[in-house]
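The values are calculated or read from the model by the stated rules, or taken from the named source; none is laboratory data. All values reported here derive from a predicted model rather than from experimental measurement. For neighbour counting, all protein chains shown are included, and Cβ atoms are generated from backbone atoms with ideal geometry for every residue, glycine included. To get the accessible areas, we keep the full protein, side chains included, count just its heavy atoms, and leave off ligands, DNA and RNA. Shrake-Rupley method; radii C 1.70, N 1.55, O 1.52, S 1.80 Å.
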Amino acid sequence: MASPATAAPRRTAIVTGSARGIGKAIALRLAQDGYSVCINDIAALADDINNVVNEINNSSSGTTRAIGVVADVTKASEVEAMIKQTVEQLGPLTLMVANAGIAQIKPLLDVTEADIDQVFDVNFKGVFNCYTLAAKQMIAQGDPQPAAGVGVYKIVGAASIVGFKAFATLGIYSASKWAVRGLTQALAMELAPHKITVNTYAPGIVGTNMWDQIDEALGKLHGRPKGESIKQYSQQLITLGRTSVPEDVAGLVGGFLASKDSDYVTGQTMLVDGGIIFN
Ligand code: NAD
């Protein structure tokens with residue numbers, strides 16, 4: 001018996017905070033694997049956004065392409081406009097990667113309400129905006145097979161090892177990543193009837209701009225020279241014995257969570273940390 005006709009996949013992703021670091025590596029991997037991609041970041045990184053867009057478009061064979069959109073994920077209206085522009089220019093949205101995040105090093109007894117708002121605005125509310133507004137767009141597109149030739153739509157967010165075991169002086173950041181895990185689990189249950197999966201990735205110690213800032217702050221707090229904190233943490237904590245690179249995370253997110261192979265996975269937070277946390 002002939003199998004029912006299926007449309008060729010037309011896969012489109014938004015990756016927030018993708019002008020650099022882990023987000024950039026994920027976006028490049030998605031483009032390599034056949035996704036059209038919206039590169040997003042804040043206005044201060046507009047030049048870096050353009051560089052990533054050009055890198056993708058200059059190496060594309062023509063079937064996929066990238067656009068750049070400046071948007072602050074803490075503002076629902078900006079996320080909504082970014083989704084609208086992406087769909088208009090690239091096609092139905094099949095993947096949202098809510099990657100943007102900020103770190104904060106502060107002992108909890110020094111933390112102010114403003115500190116909490118700053119971290120939770122980006123790491124929790126930003127992820128919430130991206131998750132829910134992407135979900136509304138996907139639901140409006142209808143069944144993913146006729147709409148885009150894929151079995152399920154996918155929503156993916158950035159958690160962290162500290163969403164499993166908090167680090168001292170990263171208390172508010174850790175709490176924000178636990179919150180992302182909770183949000184992911186609840187949304188996975190609510191969106192399953194719409195053929196949308198929701199998962200998060202939990203990197204360990206990745207050598208990005210974020211860890212440069214963490215290293216500097218830990219250095220000031222503990223009187224260590226530049227580069228010493230990341231070296232010590234990496235040596236003491238990582239089973240595989242090396243600091244992570246963004247491509248390690250892109251392998252899990254682009255290679256698996258964005259692929260057809262993860263269609264039966266939802267509500268999970270997947271560690272990619274070289275063996276810091278064993279679950
Ligand atoms: P990074 O600082 O290099 O990149 C984060 C990007 O997010 C930046 O380009 C930044 O401008 C952007 N961003 C920040 N606020 C934004 C906003 N309001 N709107 C849009 N973009 C915004 O950091 P990274 O290491 O690449 O981190 C990426 C994600 O991975 C973050 O969520 C982070 O918490 C998480 N993570 C990182 C590590 C690590 O070791 N680097 C470990 C675990 C989890």
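Exactly one residue out of 137, 145 is surrounded by fewer than 22 Cβ atoms within 10 Å (Cβ to Cβ), farther than 28 Å from residue 279 by Cα, touching a Leu at 6+ places or on another chain (Cβ under 8 Å) and not acidic (Asp, Glu): that is 137. Of the strands (runs of 3 or more DSSP E) that lie entirely inside segment 7-91, those containing 1 or more residues that are charged (D, E, K, R) span 36-41. For residue 118, the requirement of being within 16 Å of residue 12 (Cβ to Cβ) and open to solvent by 30 Å² or more (accessible area, probe 1.4 Å) is not met. Residue 155 fulfils the conditions (1) hydrophobic (A, V, I, L, M, F, W, C); (2) in contact (Cβ under 8 Å) with a residue 24 or more places away in the chain; (3) farther than 19 Å from residue 266 by Cβ except for a single criterion, (3). If you go through segment 93-103 and pick out every residue that is near the ligand (Cβ under 10 Å from one of its atoms) and either part of a loop (DSSP other than H, G, I, E, B) or at pLDDT below 95 (or both), you end up with 5. Residue pairs whose Cβ atoms lie under 7 Å apart, separated by 6 or more positions or on different chains, with the first residue in segment 8-32 and of a type in the set (Ser, Thr, Tyr) and the second within 6 Å of the ligand (Cβ to nearest atom) and in a helix (DSSP H, G or I), are 16/23.
Taking the numbered list (1) surrounded by 23 or more Cβ atoms within 10 Å (Cβ to Cβ); (2) within 10 Å of the ligand (Cβ to nearest atom); (3) more than 24 Å from residue 141 (Cβ to Cβ) in turn, residue 28 passes all entries but (2).
When you scan segment 155-163, do you find a residue that is away from the ligand (no atom under 15 Å from the Cβ) and of a type outside the set (A, V, I, L, M), even just one? Among the residues of segment 155-163, not one is away from the ligand (no atom under 15 Å from the Cβ) and of a type outside the set (A, V, I, L, M), which makes the answer no. Screening 220, 226 for residues that are in a helix (DSSP H, G or I), more than 14 Å from the ligand (Cβ to nearest atom) and not aliphatic (A, V, I, L, M) leaves exactly one candidate, 220. When segment 159-218 is limited to residues that are within 30 Å of residue 143 (Cβ to Cβ) and free of Cβ contacts under 8 Å to residues at least 12 places away in the same chain, the one that is farthest from the chain's Cα centre (by Cα) turns out to be 193.
The rows are residues; the columns are (1) assigned by the TED database to the domain that holds residue 99; (2) near the ligand (Cβ under 9 Å from one of its atoms); (3) open to solvent by 20 Å² or more (accessible area, probe 1.4 Å).
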{"site": "35", "(1), (2), (3)": "yes, no, no"}
{"site": "44", "(1), (2), (3)": "yes, yes, yes"}
{"site": "53", "(1), (2), (3)": "yes, no, no"}
{"site": "61", "(1), (2), (3)": "yes, no, yes"}
{"site": "68", "(1), (2), (3)": "yes, no, yes"}
